[in-house]
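Report on one structure; see the data block that follows.
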Amino acid sequence: MSLSKPLSARRLVPALFPLAHTSPASAAASRRARRRDAFVATPPTPPPSPSSVRLAEPLPSLAPSRLALHNRILELLISPKSDDDLAEAALFTRHALHSNCRPSSFTCAAVLAALLRARRLEEFFALHRFALQAAVPPTAVTHALYLSALAARGLPDAAIHHLRIISRPRSPVPPSPTAYRVVVRSLVVDHGRLSDGIQLKDEMLESGFVGPDPQVYNILMAGLVEAGDGAKAVELYDELKEKVGGELIVDGIVYGSLMKAYFLMGMEEKAMDCYREVIGAESEVRFDAESYNGVVDALGQNGRLDDALELFEIMRREHDPPLRISVNVRSFSVMVDAYCAAGRIDDAIAVFRRMGECEVVADVAAYNNLIRHLSLQRLVSEAELLYKDIEESGLKADEETHVLLMEGCFRVDRIDEGINYFDKMDELELKPDATAYHKIADGLIGHGMLDKARMYIDRMRVKEISPSTASYEALLKAYVAAARLDDSIGITKVILLDEKVAFSDEMKELLEGALCGEGRKDDITKLYEDVEKEKAEAAARAAEEKERADALAREEREKRRAEAAAKDEAAARASAAAIEAILGHKRRTENVTGEPAPDANIMDSEFQSRFGITSDGDGALQGISSGGETKEGEDETKGGDGQ
Amino acid sequence: MAAAIHRPLLRSLPSSSTSRSRSLLHLLSRPLSFHPSATSPNHPQQWQPPPPPQWSPSPPPPRNYQHQQQPPPPPRHNYGPPPPQHQHQAPPPPPRNNYGPPPPRQNYGHPQNQAPQAGPGELIGMAREGRVKEAVELLDKGARADPHAFYELAAACSNPKLLEELRKIHDFFLRSPFRADLQVNNKMLEMYAKCAAMTHARRTFDHMPDRNMDSWHIMIDGYSVNGLGDVALQLFEEMKSKYGITPTAHTFLLVLNACANSEAIEEAFLYFDAMSRDHGIEPGVEHYVGIIEVLGKSGHLNEAMEYIEKLPFEPTAMVWESLLNLARMNGDIDLEDRAEELLVSLDPTKVNPKKLPTPPPKRRLGINMLDGRNKLVEYRLPPKIEKKVVNEQRYVPDTRYVLHDIDQEAKEQALLYHSERLAIAYGLISTPARTPLRIIKNLRICGDCHNAIKIMSRIVGRELIVRDNKRFHHFKDGKCSCGDYW
């Protein structure tokens, strides 16, 4: 071990160091100002003032019993004996929140992490909300997990909103760089919203909590390269360099994207200079597997297969699991890509087979990658071999595998087999999404099988997957091209009725042009009228349905009210009879003793009315008591709802 | 109205980590960093205190007192029974492993009946036996004590429950002629910190006639162990600026620990840089581990991992062990497995044979950039915000059961204080999760409480058994055994 070359802490982790403070005193002052209204206390201790914010209790101040609870729950999470163990851990955490041994913020975060890891998002959100309501203060980890869950659910706007809340200037628990990475990645990679991602990066730098994070920059640069804007990507790199003080960026993650950007701009020399500078033996840049993969990909995709091979050799030499991991599954996928880009498919398959040498286990994504290349090269039989391999190696082929194989079959005109692969997904309980359906519909349209394509689009609607605009438009275009005008009007109607897609002007012109060409101009207006009518009908139907449901509920309520009234009446009658019997008995005994009771009848009726006891048909009093009972009935339903 | 709680005897939580021997408890039981041997040579020592936990034959042997097994020192924050506090005539509990008849104790009788004043030897003996209360009584009766005895007595008060005793001992010490003794004063600081009484520690510290580096260290560490990392940092700043004391490598370790406990990441980095720049102290592995703990304890686990990957030296077992504990603390299963794998590869003695394999995650958390390649971008109208009919379940106060003539809000307020609710609330916060509660009430439970308790039983997952003067109600999973007959 050599401590001889100590790097400044700032250079090692620029992400965590916004360089906002130069002395510990000012850093402390800003931290204290942020936490002026914060307090640390275990509930049920109330906050000192209503506006103060509860902070997580630091670990050393937790009682041993709470640490024991933490360990007990971790045990359930780490080695679950059944699927229910995770649910049990979540439920136990929830129940323990109202007990003498409350789970700490750490325990809640551990359970949340496990739920997210198992992709049980419903339970995740439920527990997160419950813990917040039970005054478990969120930590940086909780925030990052919540943002990841929002990203996984496909709610980037909610994630941005939450991130902005926690990065406000006086936020007591500032976001971590991970939080920004998760949200920016979701924006750029999943939703293609590059400008929003760049805006979020600027906010990150402004907030003063997180410094220039190379990973965030890398996601943005990769997104820009993908979008074909190399100049902007290089601009981002220069900005990052300036932010860390004009020095070399130590994190190797950015260099892959940077090289791709240079290649994209046609500056091959510059890209190779950069490569030689950072990869050299005396370079200070730290590379992990992911960073290496980026560089190999940049070389391989741009016709530098020899350099890529050389670097791959270096990576394999450095690879020394478990101490140093410089090769992972993605490295092999990237190498497969590089070989395929050079047209050497056989070598690609060979390098894929050599995965075991580096103690790397292939995953479905790696298989999918190779299958994609094979099916692009029309080597469907090879791809089918790999498909069998997946099963043999104990993995499960996913939706993408099937769609890729289907596309391969379509490419070599083996239509039926392709359809078979698609239909196989139902048997395997896989759920193809709108994109998969679009691909099969598109493929079928390409082979002129319009009816079959229409069938799949209809099936999609049955399965409650909303078809994308692209699928509709492809079909409409095909119908128009095949001059099947009635069908094209039919599909247009479907498009117009589907509230989730827009009917673009381009399509409108296409359809109108086709219809006008055939001299069926009236059909267009008729079509629009029909659609309007149907929409109105649907709205009317919905209103009617609502009306009916309301009526049903009302009827139910009436019925229950009547029942309650009847019950009450019966009870009143019974008790009146009983009292009558007692009083009669009393009167009789009094008569026996020979003492007349002149006021007995008066007293009786007074007694009865005072207690609301009446003989049959005394409307007024009956009304009052039945009113009371109805309220009771409502209360019962309310109680039932309230459970 | 009155309601009483009957709850079964508390069963303590089953012993934790049966499948994993590792436990977070060690993070708590980290000893306070006080090294008697590390005292600076400027302060001449009158006597050398033996290391407290060591059980060595004491210099002044107690008269004919047979040493039994020393009861183990009670752990911090103990919720169990208080440490054995024998009456002075009561013999200490006989050893469990009875090797023979208990030794005779003729000479061990009422101390106050013996010599007119007990000496320091006796006090030390008692302190080592953990009989602090008796020792304090002896002091009350005028027993003589020397610095060593005070030291031992203070060391015996390692439990917050013994804070009163510690204060009394401290009072006696302040009245004694050795009140300026540095060793005893430091011990007092340390024990106040262990008893979670930092205000007393601070007062003692402020009034100490002279302080050495250890005093500062004990105070800084005491603050951060008691969750007051911020105060610790303030004290450190004071030490540097006001007193001009040069911090040592150990001081910086404590400061980093304080930063970890108050999530002061920036300060930690600035102190780390200042260490070598201003004070010429080259950071050691433990300082790097300190930074890792700052990151991890503030909830930045990924960043801690990245920091480790960029360390200017090969990470040692110590680094991975720290990361392992941090991952365990934050519940990051994958990182924990990785850290454990690395730790075991570097130090095979740390292997945990009981560990079961972790199941694979459902899907990678991070999204591969490659996966996007096969993606079709689609454009849609913004989705309509669908108001899903959420079957919202909530408590609605039913004010018909309040018979006073007050306004609606006051009625709802009045419902909150029905005794059965208060009893359940108290029962919940004083019993472990999932223990049934038994409530007895001398009046009829009101309909609103009936509804409220049904909801409560569902939320807290407990069986609530409420008896009013009519019947028993077993509330479970949001239902009542009376079938809402009320």
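The values are calculated or read from the model by the stated rules, or taken from the named source; none is laboratory data. Every value quoted in this text rests on a predicted model; they were computed, and no experiment measured them. FYI the Cβ positions are ideal-geometry reconstructions off the backbone, even for glycines, and counts take in every protein chain you see. Heads up: the accessible areas ignore ligands, DNA and RNA and are worked out on the full protein's heavy atoms, side chains in. Shrake-Rupley method; radii C 1.70, N 1.55, O 1.52, S 1.80 Å.
Table for the structure above
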| read-out | value |
| --- | --- |
| Unmet criterion (only one of (1) within 12 Å of chain B (Cβ to nearest Cβ); (2) open to solvent by 20 Å² or more (accessible area, probe 1.4 Å); (3) under 17 Å from the mean Cα position of the chain (by Cα)) for A:HIS161 | (1) |
| Long-range neighbours under 8 Å by Cβ, at least six apart or interchain, first residue free of Cβ contacts under 8 Å to residues at least 40 places away in the same chain and more than 13 Å from chain B (Cβ to nearest Cβ) within the range A:488-503, second open to solvent by less than 30 Å² (accessible area, probe 1.4 Å) and of a type in the set (Phe, Trp, Tyr) | A:SER488/A:TYR479; A:ILE491/A:TYR472; A:ILE491/A:TYR479; A:VAL494/A:TYR472 |
| The lone exception for B:CYS446 - which of (1) closer than 29 Å to A:ALA90 by Cα; (2) touching a residue at least 12 places away in the same chain (Cβ under 8 Å) it fails | (1) |
| Residue satisfying all of: in the range A:350-379; among the β-branched types (Val, Ile, Thr) and at pLDDT 90 or above; nearest to A:LEU299 (Cα to Cα) among these | A:VAL351 |
| Qualifying residue in the range A:366-375 (condition: closer than 21 Å to A:SER331 by Cα, open to solvent by 30 Å² or more (accessible area, probe 1.4 Å) and assigned to a helix (DSSP H, G or I)) | yes |
| Scan of the range B:412-432 for residues that are touching a Leu at 6+ places or on another chain (Cβ under 8 Å) and assigned to a loop (DSSP other than H, G, I, E, B), ordered by number | B:THR431, B:PRO432 |
| Test result for B:ASP221, more than 7 Å from every other protein chain (Cβ to nearest Cβ), open to solvent by less than 30 Å² (accessible area, probe 1.4 Å) and of a type in the set (Asp, Glu) | yes |
| A:ASP363 free of Cβ contacts under 8 Å to residues at least 60 places away in the same chain, open to solvent by 20 Å² or more (accessible area, probe 1.4 Å) and more than 14 Å from chain B (Cβ to nearest Cβ) | no |
| Single match in A:LYS431, A:LYS439, A:LYS452 (criterion: farther than 27 Å from A:ARG353 by Cβ, among the basic types (Lys, Arg) and more than 26 Å from the chain's Cα centre (by Cα)) | A:LYS452 |
| Residue in the range A:300-307 that is under 18 Å from A:ALA222 (Cβ atoms), aliphatic (A, V, I, L, M) and either touching a residue at least 60 places away in the same chain (Cβ under 8 Å) or out of contact with any Cys (no Cβ under 8 Å at 6 or more places or on another chain) (or both) present | no |
| Filter pass, B:VAL466 being buried (at least 18 other Cβ atoms within 10 Å of the Cβ), within 38 Å of the chain's Cα centre (by Cα) and within 11 Å of chain A (Cβ to nearest Cβ) | no |
| All positions within the range A:562-575 that are open to solvent by less than 90 Å² (accessible area, probe 1.4 Å), touching an Asp or Glu at 6+ places or on another chain (Cβ under 9 Å) and not acidic (Asp, Glu) | A:ALA564, A:ALA565 |
| Residue check for B:PHE205: assigned by the TED database to the domain that holds B:ALA180, open to solvent by less than 30 Å² (accessible area, probe 1.4 Å) and aromatic (Phe, Trp, Tyr) | yes |
| Count of the range A:42-58 residues which are of a type in the set (A, V, I, L, M, F, W, C) and facing chain B (nearest Cβ under 7 Å) | 0 |
| Helices (runs of 4 or more DSSP H) enclosed by the range A:59-128 - at least 2 residues per element that are more than 8 Å from chain B (Cβ to nearest Cβ) and open to solvent by less than 20 Å² (accessible area, probe 1.4 Å) | A:84-96, A:105-117 |
| Near pairs, Cβ below 6 angstrom, 6+ apart or cross-chain, from the range A:579-593 (surrounded by 10 or more Cβ atoms within 10 Å (Cβ to Cβ)) to any residue that is at pLDDT 85 or above | none |
| From A:MET221, A:MET204, residue being crowded, with 24+ Cβ neighbours inside 10 Å, free of Cβ contacts under 8 Å to residues at least 40 places away in the same chain and under 27 Å from the mean Cα position of the chain (by Cα) | A:MET204 |
| Helices (runs of 4 or more DSSP H) contained entirely in the range A:256-330, each with at least 1 residues that are touching a Phe, Trp or Tyr at 6+ places or on another chain (Cβ under 7 Å) and at pLDDT below 90 | A:268-279 |
| Flag if A:ILE279 is of a type in the set (A, V, I, L, M), crowded, with 18+ Cβ neighbours inside 10 Å and over 30 Å from B:ALA339 (Cβ atoms) | no |
| Test set (1) open to solvent by less than 90 Å² (accessible area, probe 1.4 Å); (2) more than 20 Å from B:TYR485 (Cα to Cα) - A:ARG548 fails condition number | (1) |
| Residue list for the range B:322-350, filter: outside any helix (DSSP H, G or I) and without any contact (Cβ under 8 Å) to a residue 24 or more places away in the chain | B:GLY331 |
